[in-house]
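Below: the structure, in structure tokens.
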Amino acid sequence: MKYDHKKIEKKWQKYWAENPKLFAADDKSDKPKQYILDMFPYPSGDGLHTGHVESYTATDIISRYLRMSGFNVLHPQGFDAFGLPAENYAIKTKIHPAETTKKAITNFKKQMNMMGFSYDWSREVISADPEYYKWTQWFFLLLYKNGLAFKSKGKVNWCDSCQTVLANEQAEGGVCDRCGKPVRQKDLEQWYFKITDFIEDTGKTSGLLSGLDKIDWPESTKAGQRNWIGKSEGAQFKMEIVTKDSVILSPKGEESKRSFVNTQDDKLHLSVFTTRLDTVFGMTFALIAPEHKLVQELKSKITNWSEVEKYIVETKKKSELQRMAEVKEKTGVELEGIKVLNPFTKKTIPLFASDFVLAHYGTGAVMAVPAHDERDFAFAKKFGLPIDEVVKSVDGKSSVAKEAYTEDGVLINSGEHNGLTSAEARKKLTQWLQKEKIGQGTINYKLRDWLVSRQRYWGAPIPIIYCDKCGEVPVPEKDLPVLLPNDVDFMPTGESPLAISKKFHDIKCPKCGAKARRESDTMDTFVCSSWYYLRYADSQNDKEFASKEMLKKWLPVDLYVGGAEHTVLHLLYSRFFTKVLHKLGYIDFDEPFSKMRHQGIILAPDGRKMSKSWGNIINPDDVVAEYGADALRLYEMFMGPLEEMKPWNTKGIVGVKRFLDKTWNYLSADYTGIFIDNNDRNQWIEGKIDGATSRETEVLLHKTIKKVSEDIESLKFNTAISQLMVLRNSFYEIEAKRPISEKSYIEPIKGQRIKKSDFEKFIILLAPFAPFIAEEIWQGVLKHKGSIFNEEWPKYNKDLVNDETIQMPIQINGKVRAVLAASATISEEDAKKLALSDSNVIKWLEGKEPKKVIFVKGRLVNIVV
RNA sequence: GCCGCGGUGGCGGAAUAGGUAGACGCAAGGGACUUAAAAUCCCUCGGCUGAAUAAGUCGUGCCGGUUCGAUUCCGGCCCGCGGCACCA
């Protein structure tokens, strides 16, 4: 009978849904735990895509394998339901996001069940449910009470299309993460989380940087996070600003030049940060960001103010994108009338405002050393400024005539410091700064605090109340959750839609009872997803986000699998939350995900990315309808290594489908099967007759148990499946006992078959990969009571796994000239004797005496002549 | 530019404490079965020489090194992909 995947898969979907205990995590069990986690999906209207199927199948195989191997496995799933896409879709269609989200979730769950993913649905979390976002709000208050959530006014990324602010991480490259449109800078008061407090270790809590060293994550992801944090060590120092009016005084009070005056009394300094203090003697000018407040403070002293002001206005008009497009073309304007004093050379140098200096990094101003910095070099060339060489390469061959020499080297033209290496000079000059009290060694980071407020509707409301008398008042915990009203107009206006709802907005102060108003911004969805993995440990708890006991039992996550696009955003924020909770004593681990892997992108058959606009999307529903869920699971795992990018090949799925059919057909009485007739079949199933497994097949079976187990643990599903194919192929080739060389049909001989218990082991090995057909064979064909997933994972026999005899290659000068059968434990002496007596070897030696004979135990012999 | 990853048949990919390169699968060609097709089954399948399932020879991006032996280790290039990018 042909395998009817539609009927059979439906049958076991229903059976597994009715027996949720099969896959449920057990809070009370004392078996060792494993927490295997998928990144919870955003429930889009498009449903599951091939990428979801890939990573979810991988974790499903591991979860099923671990359960059968005696572990208490937590493998939950949920939905990242808040967010801009749902809201934008709602705006387009005028359907409430709660409605579309609910519908999408229903569809996702249907598809996940279709694929046979063994989730513990009793722990499902949906981030848009009040029972969930109550705790998101609780976390906000926890951070607030500990000084880690604060309101601040400053330049923020604003997306005109989405009508909201964005975190830096969501505005990379000056483009909105969600809609791809350019982002502009706007001055606004917004809520931030103090993620920068956790870059370095604090007390017993490892920092965002050092914590990376102890987790098993892809190197590229760790590098991405380090790069985003952007730690750089250098020095910061003050330079005095002098004006044209009168006498200049050196820092120590001596007169030097007549036409400048030390403005130290006005406390006007230019602070700069550099990682190359060793080049400071080559500073021939200084640069300041046009937005720097010092520029405004110096207004009265700047003689070309109208020109400077014009430049500032122009800079402001440029978008981040434009500024980046102009990377090569340096622009700027000198602040005439003032100069700065290089404290090392005591020389005065000009100061320029230029938009390539970033106001928000370091001090917003830099020392310019054109001889040793590419950007300063370009600027100096354009404005005709001097280029003073102060560092020479060790071999003395470097030249700054055509380009900057940016490597370390040996100091020249640096007074008493000549001859020092760059590293020595940095150390010494930093000490000098400290002694003179004008600067010190400093560390700067690119990472800035996380902007979490959004002027949008579909998110968790920020639990803060503004009272005219009491000011900013946190919502008392007993009043949580602050419910998101569902009767507001969610069309974007630039102001939060919640501000329009009077019922939501106007309330009484919980402290004094006076008239007050609610914060109308909602939280970034990434706040919701920064802690969801904790909730699964105790998802029904209405007293705490999770009990200490359950957190201790289940966390941290042992394996996390998801897309590489989350390298910075979600994965950095989650680590931050974990570190906050660790520091505040809620949990005893400070990294949430011990091991993580990314699934590679599955490309369309045409080699391009799957996308609606190309019309090349492979829809899992269609594939399942034609080939079945088992075939889809197996194919996606067989395509190649999990983390690699790989193109879909519709023909390729035929191969795994054939493998499944052959497995099924083996147990039939037609010409491809092993049974003579149905009576024969029934007797074998009932155990009245049994087959006999050859030594060869038995060895192969045990090798397969070993390889499949090891491959699952190291996520090498492609080779695990190929090994299962090799084993299944051998059932015919070996058991039929017909030499292949005869070229006769290798088809099963009726009645000749392996032992039933050995065949069952094969089906158990197959079960995590193709659960439907395995369950059908187990319960439907072999008539076992109860699920195959209650069975124990087979163990291999060590004695059978090690080969007794090997095919030993005999090389002459590294080239194989003969392959001889030998015992695996053959001695060196015997092996040499055997090799030298072989006729082929004798022929190749041409009577020459071997110079050397190399013997590798259990491997080969190499004769050198 | 910087960081990370990778380059193996017609294709997806196996094999690295250095030890028979090309497992498994797809595609292709030939054959069996069939009135026919589908399905199924068998054989061949890196290049070259060769009638050959005899034998040989070249082959894991390129050049060189270490070694009895290199896809694997080392040095120097070339190419592709992904991420970051005026961060001083």
From A:V781, A:V864, A:V841, A:V819, which residue is near RNA strand B (Cβ under 10 Å from one of its atoms) and open to solvent by less than 60 Å² (accessible area, probe 1.4 Å)? A:V864
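If only one of A:F40, A:F79 is within 20 Å of A:V125 (Cβ to Cβ) and open to solvent by 10 Å² or more (accessible area, probe 1.4 Å), which one is it? Walk me through it before giving the result.
Working: A:F79 fails: open to solvent by 10 Å² or more (accessible area, probe 1.4 Å).
Within the list A:F40, A:F79, the selection yields A:F40.
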Of everything in the range A:625-672, what is within 10 Å of RNA strand B (Cβ to nearest atom), over 15 Å from A:A720 (Cα atoms) and in a loop (DSSP other than H, G, I, E, B)? Give them in sequence order. A:E643, A:E644, A:M645, A:W648, A:N649, A:T650, A:K651, A:Y666, A:D670, A:Y671, A:T672
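Name every residue in the range A:494-507 that is surrounded by fewer than 20 Cβ atoms within 10 Å (Cβ to Cβ) and part of a loop (DSSP other than H, G, I, E, B), in order of residue number. Working first, answer last.
Of all residues in the range A:494-507, those surrounded by fewer than 20 Cβ atoms within 10 Å (Cβ to Cβ) come to A:494-495, A:499-503, A:505-507.
Scanning the range A:494-507 gives A:G494, A:E495, A:I500, A:S501.
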All but one of (1) assigned to a loop (DSSP other than H, G, I, E, B); (2) open to solvent by 10 Å² or more (accessible area, probe 1.4 Å); (3) of a type outside the set (A, V, I, L, M, F, W, C) hold for A:R597; which doesn't? (1)
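Per-residue answers, yes or no, for (1) in contact with a Ser or Thr (Cβ under 7 Å, 6 or more places away or on another chain); (2) touching a residue at least 60 places away in the same chain (Cβ under 8 Å); (3) among the basic types (K, R):
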residue: A:H75; (1), (2), (3): yes, no, no
residue: A:G83; (1), (2), (3): yes, yes, no
residue: A:E87; (1), (2), (3): no, yes, no
residue: A:P97; (1), (2), (3): no, yes, no
residue: A:A104; (1), (2), (3): yes, yes, no
residue: A:K110; (1), (2), (3): no, no, yes
residue: A:A128; (1), (2), (3): yes, yes, no
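For the range A:99-117, what are the residues that are in contact with a helix residue (DSSP H, G or I) (Cβ under 9 Å, 6 or more places away or on another chain) and not polar (S, T, N, Q)? First the steps, then the outcome.
Just the residues of the range A:99-117 that are in contact with a helix residue (DSSP H, G or I) (Cβ under 9 Å, 6 or more places away or on another chain), to begin with: A:99-101, A:104, A:108-109, A:111-117.
Listed by number, the residues that qualify are A:E99, A:A104, A:F108, A:K109, A:M112, A:M114, A:M115, A:G116, A:F117.
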Close pairs from the range A:672-683: first polar (S, T, N, Q), partner more than 16 Å from RNA strand B (Cβ to nearest atom), Cβ under 6 Å, at least 6 apart: A:Q683/A:I689
Among the residues of the range A:104-126, is any farther than 30 Å from A:D630 by Cα, in a loop (DSSP other than H, G, I, E, B) and of a type in the set (S, T, Y)? no
Scan the range A:143-152 for residues that are touching a Leu at 6+ places or on another chain (Cβ under 7 Å) and surrounded by 18 or more Cβ atoms within 10 Å (Cβ to Cβ) and report the count. 1
From the set of residues in the range A:600-615 that are loosely packed, with under 11 Cβ neighbours inside 10 Å and within 13 Å of RNA strand B (Cβ to nearest atom), which is nearest to A:E636 (Cα to Cα)? A:G607
If the requirement is being at pLDDT 95 or above and either within 36 Å of the chain's Cα centre (by Cα) or surrounded by 13 or more Cβ atoms within 10 Å (Cβ to Cβ) (or both), which of these qualifies: A:M523, A:M491? A:M523
Being touching a strand residue (DSSP E or B) at 6+ places or on another chain (Cβ under 7 Å) and part of a loop (DSSP other than H, G, I, E, B) is true for just one of A:K511, A:K553. Which residue is that? A:K511
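The values are calculated or read from the model by the stated rules, or taken from the named source; none is laboratory data. From a predicted model like this one, the values you see are computed outputs, not experimental measurements. When we count neighbours, we look across all protein chains shown, and the Cβ atoms used for this are built from the backbone with ideal geometry, even at glycine. We work out accessible area using only protein heavy atoms, side chains counted, and drop any ligands, DNA or RNA first. Shrake-Rupley method; radii C 1.70, N 1.55, O 1.52, S 1.80 Å.
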